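S.K.: My questions will all concern the structure given below.
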Amino acid sequence: MVKLTGKKKLLTAVFISGRGSNLKSLFKFSKKKSSPIKIQIVLTDNKKAKGLLFAKTKNIKVFKINYSNKTNAEKKIKIITKKNKINLICLAGFMKILSKNFIKSFKGNILNIHPSLLPKYKGLNTHERVIKNNEKYSGCTVHLVNGKLDSGKIILQKSLKILRNDDAYKLSKKILKIEHKVYPEAIEKLFSTH
Ligand code: GAR
């Protein structure tokens, strides 16, 4: 894991595929004086991702990657991250799985947020499955990315109690609110120097 020295901030790339609400929360966090990150670029596999509009309003450089060929896509991502001196990647609703090779080349400096209490409910439609199984609790997890879907060392996890009238939609809203706190907290936990 990369170490922070002096007043240097981690030059961070946020990868998104859609709405970008976690991107927003990470951006807000990055603007704090004590924040260990600076968001240098936003990268997406989806040129229609709503989060790109936000990135543009904040003058963050945006890269749209054609993912029709994963090997080529990752080659391009490597070039972009190198050129922009990126030392941390935050996946924030990025719906592509990075190859083991790519992750290795990034020496473990890749984080992901997932809307469940991992290792439970990896993958898609998390909230629907949680509700269907009558779980008592759900939540979200920030973890290191290791080449397997929604796996890797857990950095931080927060849970909430599911109420009787919660459906998948209500639950997703509640958990998203927590996500916006947990992602910055996980980064602070990993990299803060104070
Ligand atoms: C978030 O709920 C995030 O946890 C989830 O996608 C959503 C993206 O929302 N990620 C995954 O499911 C990854 N497996 P956002 O675009 O508003 O940040």
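Every number here is computed from the coordinates shown, using simple stated rules; none is lab data. These numbers come from a predicted model, not from an experiment. All Cβ positions, glycine included, derive from the backbone under ideal geometry; neighbour counts span all protein chains shown.
S.K.: Around residue 88, what is the net charge, scoring Lys/Arg as +1 and Asp/Glu as -1 over all other residues with Cβ under 10 Å from its Cβ? It would help to have the intermediate numbers written out before the result.
M.R.: Details: positive: 9, 38; negative: none.
Cβ neighbours under 10 Å give a net charge of +2.
S.K.: Check which residues have an amide H placed less than 5 Å from residue 159's amide H, if you skip close sequence neighbours.
M.R.: So residue 159 has HN proximity to no qualifying residue.
S.K.: Restricting to Cα pairs below 8 Å that are 6+ residues apart, what does the relative contact order work out to for the chain? Please round to a whole percent.
M.R.: Relative CO of the chain lands at 21 percent.
S.K.: Now for a different question. Provide the net charge surrounding residue 35, with neighbours chosen by a C-beta distance below 9 Å and charges set as Lys +1, Arg +1, Asp -1, Glu -1. It would help to have the intermediate numbers written out before the result.
M.R.: On the way: positive: 9, 31, 32, 33, 38; negative: 188.
After counting each charged neighbour, the total is +4.
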